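Take a look at the structure set out below.
The values are calculated or read from the model by the stated rules, or taken from the named source; none is laboratory data. Computed from a prediction, not measured in an experiment: that's the story for all the values here. Quick reminder, even Gly has a Cβ in these numbers, built from the backbone with ideal geometry, and neighbours come from all protein chains shown.
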Amino acid sequence: MKGIYNQYKEFRLPNRRFKFNEYLDLLENLYQIPWLQINTEGFSAMGKPIYSIRMGTGKLRVMVWTQMHGNEPTGTAALFDWFNFIRSEHGAELRELLMRELTILFVPLVNPDGAEMFTRRNAQYIDINRDALQRQSPEAQLLIQLRNSFSPEWGFNMHDQDTHYSVGSTQLPATISFLAPTYNTAKDIDQRRAATINLISTLIPVVNSFQPGIVARYYDSWDARCFGDHFQAVGTNTLLVESGGYYNDNEKQTARFLNFLIYSVALQNLATGNFMQDGQPLYFSLPENGKNYFDYLIKNVSYTPMYGQKQKVDIAINRVEFEANGDFYSSTFIADLGDLSNQRAFETIDGTAMEVSVAGVFADTLDNISQIEALSRRNLYAQGISYIRVKNIEKADQRFVPDFTISDAASFRLPTLKPESYADLVFRKADTVELLFIGGKKIVL
Ligand SMILES: [Zn+2]
């Protein structure tokens, strides 16, 4: 299936940070397809249109919405992959089945303002997924209105989760987490919630077929303000799908592929009705999301604290992204330090012969950023240097310079190596630099 998928993966969306105009261009391509109806359903707080894509004339109604959190685009990207597939010859059989048995209302990009800014919330700073009752945001009003007018039996609520979740206490990342939301505080399972659980139980093997054990159960707690819980309570069987991390995959392309499979298999199963079994044992056997799955774990490394003797510790490092002036950059975050022997990470490194310190600062102060081009990265790295002070660095013009961490000369202070702080780190073996973490990237010398 991965081979077929790669043929149809939307190459114009190479990563997670696509803008509204890029989305519009892709939507534009779908207008040519006679069996899709595209409508403007409403507008975001800043006036951007929110569209629906309608497909099929079947009896069973399914509503699929994505990216109500603006910085959670995986379900949207996978939807464009899926449309590429379903309009192709490979997708013809599935298309005919779905068109006959289902009426599907896709509502991609529910939060276009948040997507443009790559923020969770909408332009009013409202979290749309806590607004199902008050409906203060136009986006939440629209979702409610669409549910009321379309009255879907089924709903797919597509989200992204933090990449730092594991599958319970296993060694594996939670690349996909599912939830059949509850509809009351007692977390009862009525017939409709049982049906949602049954559909999810047919999707668990689909994820496992890519790699066993990378699927978890999302935290199950009743919150009437959330759309999944609200829709489940008012009569739409709603699946929550959360896309998480995978190895060497900052852009969540693995979860994107799995979303594509989930759309295909879930819709097919709804169309055939071929999922009515007792899914509860399998669903409840899924471990819940576990916490503190790190990007990097360097074990047993020498470290000289501010107070006391040199000692051996484990250091956990996470990559964190920041948005600045329409661009983004990443940084190295010291997530934890100490005895982390029972903790897990995407990559674990034996630091037994290594010593850790904060990276050094380049001795000269540069007049402007362009002077960086003349510096040799390799030479500076070999000296353990990643910080560069620049005199004329305007806040408004603060640019991401790959491979170094740039600071305003006047306000620069070398960071401290301590948990919950941002710092570039250097690992030396017998005084020779072996490994650096700069801007969230691992660099091996
Ligand atoms: Zn979300």
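What are the residues in segment 133-169 that are more than 16 Å from the ligand (Cβ to nearest atom) and in contact with a Lys or Arg (Cβ under 8 Å, 6 or more places away or on another chain), if any? If the condition is that a residue be more than 16 Å from the ligand (Cβ to nearest atom) and in contact with a Lys or Arg (Cβ under 8 Å, 6 or more places away or on another chain), then 133, 134, 141, 144, 150, 151, 152, 153, 154, 166 are the ones that fit.
Condition test on residue 223, is it in contact (Cβ under 8 Å) with a residue 60 or more places away in the chain, part of a loop (DSSP other than H, G, I, E, B) and over 19 Å from the mean Cα position of the chain (by Cα)? Yes: the conditions hold for residue 223.
What strands (runs of 3 or more DSSP E), lying completely within segment 32-73, carry at least 1 residues that are within 16 Å of the ligand (Cβ to nearest atom)? First the steps, then the outcome.
Values: elements: 36-43, 49-55, 60-66.
Where strands (runs of 3 or more DSSP E) fall fully within segment 32-73 and carry at least 1 residues being within 16 Å of the ligand (Cβ to nearest atom), they are 60-66.
With respect to residue 266, is the statement that it is in a helix (DSSP H, G or I), within 23 Å of the chain's Cα centre (by Cα), of a type in the set (A, V, I, L, M) and within 16 Å of the ligand (Cβ to nearest atom) true? Outline the logic, then answer.
Values: in a helix (DSSP H, G or I): yes; within 23 Å of the chain's Cα centre (by Cα): yes; of a type in the set (A, V, I, L, M): yes; within 16 Å of the ligand (Cβ to nearest atom): no.
Criteria not met by residue 266.
Residues checked against (1) in the same structural domain as residue 239 (by TED's automatic domain parsing); (2) over 23 Å from the mean Cα position of the chain (by Cα); (3) closer than 25 Å to residue 149 by Cβ:
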{"site": "6", "(1), (2), (3)": "yes, no, no"}
{"site": "10", "(1), (2), (3)": "yes, no, no"}
{"site": "14", "(1), (2), (3)": "yes, no, no"}
{"site": "21", "(1), (2), (3)": "yes, no, no"}
{"site": "42", "(1), (2), (3)": "yes, yes, yes"}
{"site": "47", "(1), (2), (3)": "yes, yes, yes"}
{"site": "52", "(1), (2), (3)": "yes, no, yes"}
{"site": "60", "(1), (2), (3)": "yes, yes, yes"}
{"site": "68", "(1), (2), (3)": "yes, no, yes"}
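Can you confirm whether segment 101-114 contains a residue that is within 13 Å of the chain's Cα centre (by Cα), small (Gly, Ala, Ser) and buried (at least 24 other Cβ atoms within 10 Å of the Cβ)? Spell out the reasoning first.
If we filter segment 101-114 for residues that are within 13 Å of the chain's Cα centre (by Cα), which is where we start, we get none.
Within segment 101-114, none of the residues are within 13 Å of the chain's Cα centre (by Cα), small (Gly, Ala, Ser) and buried (at least 24 other Cβ atoms within 10 Å of the Cβ).
For first residues located in segment 109-120 and away from the ligand (no atom under 11 Å from the Cβ), partners that are assigned to a helix (DSSP H, G or I) and aliphatic (A, V, I, L, M) and lie 6+ apart or on another chain with Cβ distances below 8 Å form the pairs 109/115.
Results for (1) surrounded by fewer than 23 Cβ atoms within 10 Å (Cβ to Cβ); (2) farther than 30 Å from residue 320 by Cβ, shown as yes or no for each residue.
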residue	(1), (2)
141	yes, yes
162	yes, no
168	yes, no
171	yes, no
180	no, yes
188	yes, yes
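The single residue among 265, 215 that is within 19 Å of residue 79 (Cα to Cα) and hydrophobic (A, V, I, L, M, F, W, C) turns out to be 265.
Against the definition (of a type outside the set (A, V, I, L, M, F, W, C), assigned by TED's automatic domain parsing to the domain that holds residue 63 and either over 26 Å from residue 127 (Cα atoms) or touching a Cys at 6+ places or on another chain (Cβ under 9 Å) (or both)), how does residue 281 come out, yes or no? When the stated conditions are applied, residue 281 passes them. For segment 215-227, does any single residue satisfy the condition of being aliphatic (A, V, I, L, M), buried (at least 23 other Cβ atoms within 10 Å of the Cβ) and either touching a Pro at 6+ places or on another chain (Cβ under 6 Å) or at pLDDT below 95 (or both)? The answer is yes; a qualifying residue exists. Exactly one residue out of 245, 228 is part of a loop (DSSP other than H, G, I, E, B), within 16 Å of the ligand (Cβ to nearest atom), in contact with a strand residue (DSSP E or B) (Cβ under 6 Å, 6 or more places away or on another chain) and of a type outside the set (Asp, Glu), and it is 245.
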